[in-house]
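Here the structure is laid out as structure tokens; the discussion comes afterwards.
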Amino acid sequence: MAITKSNQTTSNFNSITPEAGNFGYLGSLIWIVGSIIVSIIFIALDLVFLSSINSYGFIYLIQIACSLIVTFAGLFFILKGVKYLSVFYKNKEIYNNFIISFIILLASLIIIPFFNYITTQLAVGSLYSSASNSTIYNITQLSNPIQPIFSIISIAVLSIVIGLVLSLLSYFFMYRSYKKISQLTGITEFNTAALIIIIGAILTIIVIGGLVIFIGLVYAGLAWYKLKNGTAVNSPDGKAATAPKKV
């Protein structure tokens, strides 16, 4: 019996949307749970080695590497899920926006922490003219205490500004991608996640911004979970359809 175009579309829909949900949900879990684990471990290590500058610097670099790995792994699988939807709905916008967000976010995780680390080390080095060891400095040998302090403050402000710009750009493109995915699939949690994420990006100037973004990522994970488990979504022709639940 001949397969009609409608049946072909339904068949593709039933296989692609849960597959996209699988990748998106896996990526969200890796990113969310991995970030929590990395944060807890390194907060504990920071408290233990806070008194040693050399050890603290090494731990900071390892923390950067672990955060980068977790974020890359999570975003990679989410991007794969977005790619599935992009091909299925014949919409390049959702993929292009997400990959731009992916690149900027990874770049910020490399640029900002290393910039902070290197420039802070230079500023602290200029604050003291000599040191008796790695943790105790001879403050009586300061030649001009005002200028180094001003340099540290300037570096901190510059780091915050760069971080804010990169964060806003990254999450803005993620917002656009998730908002469009919500329109295409009919899953409102994607739109909710998009709104929370962009609000969090705007609020990154204060500590609460990171928490708001995290809540948005959790909502995105919920949206991928619904897609994965056969929630009713829209087919490419705009009609509602239900992807089968996996047994």
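What follows is calculated from the coordinates using simple rules that are stated; it is not laboratory data. Values in this document were obtained by computation on a predicted structure and should not be read as measured data. Methodologically, a virtual Cβ is constructed for each residue, glycine included, from the backbone with ideal geometry; neighbour enumeration extends over all protein chains shown.
Report the extension gain between Ile199 and Ile43 in nm, rounded to one decimal, defined as 0.36 nm multiplied by the number of residues separating them, less their alpha carbon distance.
Full extension from Ile199 to Ile43 adds 53.6 nm.
Applying 0.36 nm per residue to the separation of Val87 and Ile162 and subtracting their alpha-carbon distance, the gain on full extension is 23.6 nm. Peptide packing for 185-192, 207-214 was compared via the average number of neighbouring C-beta atoms within 10 Å per residue; ordered from the highest value, the list is 185-192, 207-214.
Note on Asn229 and Leu68: the model spin-label points, each 7 Å out from Cα along the C-beta direction, lie 3.6 nm apart. Most tightly packed first, judged by the mean number of other beta-carbon atoms within 10 Å of their residues, the peptides 37-44, 169-176, 99-106 read 169-176, 99-106, 37-44. Evaluate E = 1/(1 + (r/R0)^6) for Gln183 and Ile103, where r is the Cβ-Cβ distance and R0 equals 22 Å; express this FRET efficiency to the nearest 0.05. Once rounded, the FRET efficiency stands at 0.40.
Give me the net charge of Gly81's neighbourhood, meaning all other residues with Cβ under 11 Å from the Cβ of Gly81; Lys, Arg count +1, Asp, Glu -1. The answer is +2. In sequence order, the stretch 90-96 has phi-based couplings of 6, 10, 6, 4, 5, 6, 4 Hz under the Karplus curve 6.51 cos²θ - 1.76 cosθ + 1.60, θ = phi - 60°, and Gly or Pro positions carry x. Take each peptide in 17-26, 62-71, count the other Cβ atoms within 10 Å of every residue, and average; sorted highest first, the result is 17-26, 62-71.
All other residues with a Cβ under 12 Å from the Cβ of Phe102 taken together, and with Lys, Arg as +1 and Asp, Glu as -1, what is their net charge? Intermediate results must be reported in sequence, preceding the final value.
Values: positive: Lys80, Lys83; negative: none.
So the surrounding residues net to +2.
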